[in-house]
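What follows is one structure encoded as structure tokens, with my remarks underneath.
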């Protein structure tokens, strides 16, 4: 089983974990933890990211307080599956999830978080703050225009 979320919720020796992050200049990248290589990611801060329709062992959202997140095998965590579920500490997967950040959007197993919009013109996916809406109500990235309404 795999945990996905902010490691500050599931690692008791946070000082040792944070020290490893500091050696990595606080940047996205990999650190070694309990004999495992852990890829650390960020998309700019704390908050909650939701994933509608994502198939997980538990939950469809994760919270961030430390400004980072990662996928970790349960074997390196200081919390049990039950504690994670009871306290809503993150998401659980039966297999290691594929995770990446693109244009400020977190993707898990190619599913974008709920802040994503898809451009009606070019089908690109980006943060909704990078879109404009036409009179028809469609979302467009700043490089595309609506051809259906009076704005065209």
Collect the residues in the stretch 121-137 that are surrounded by 18 or more Cβ atoms within 10 Å (Cβ to Cβ) and either assigned by TED's automatic domain parsing to the domain that holds residue 40 or modelled with pLDDT under 80 (or both), keeping them in residue-number order. 126, 131
Name the single residue that is modelled with the lowest pLDDT among those in the stretch 25-34 being in a loop (DSSP other than H, G, I, E, B) and within 15 Å of residue 69 (Cα to Cα). 26
Just need a number here: residues in the stretch 39-53 that are part of a loop (DSSP other than H, G, I, E, B) and closer than 16 Å to residue 84 by Cβ. 0
Residues satisfying the stated conditions in the stretch 45-80, i.e. surrounded by 12 or more Cβ atoms within 10 Å (Cβ to Cβ) and over 15 Å from the mean Cα position of the chain (by Cα): 57, 58, 73, 74, 76, 77, 78, 79
Being within 18 Å of the chain's Cα centre (by Cα) and assigned to a helix (DSSP H, G or I) is the filter here, so list the residues in the stretch 6-20 that pass it. 7, 8, 9
Look at residue 83 and say whether it is surrounded by fewer than 14 Cβ atoms within 10 Å (Cβ to Cβ) and either part of a loop (DSSP other than H, G, I, E, B) or assigned by TED's automatic domain parsing to the domain that holds residue 14 (or both). yes
Looking at the stretch 11-25, is at least one residue closer than 15 Å to residue 90 by Cα, surrounded by 15 or more Cβ atoms within 10 Å (Cβ to Cβ) and touching a residue at least 40 places away in the same chain (Cβ under 8 Å)? yes
Qualifying residues in the stretch 86-102 (those that are within 19 Å of residue 46 (Cβ to Cβ) and over 10 Å from the mean Cα position of the chain (by Cα)) - the one surrounded by the fewest Cβ atoms within 10 Å (Cβ to Cβ): 87
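The values are calculated or read from the model by the stated rules, or taken from the named source; none is laboratory data. Remember, it's a predicted structure, so these values are computed and weren't measured experimentally. As a convention, Cβ positions derive from the backbone with ideal geometry for all residues, glycine included, and neighbour counts pool all protein chains shown.
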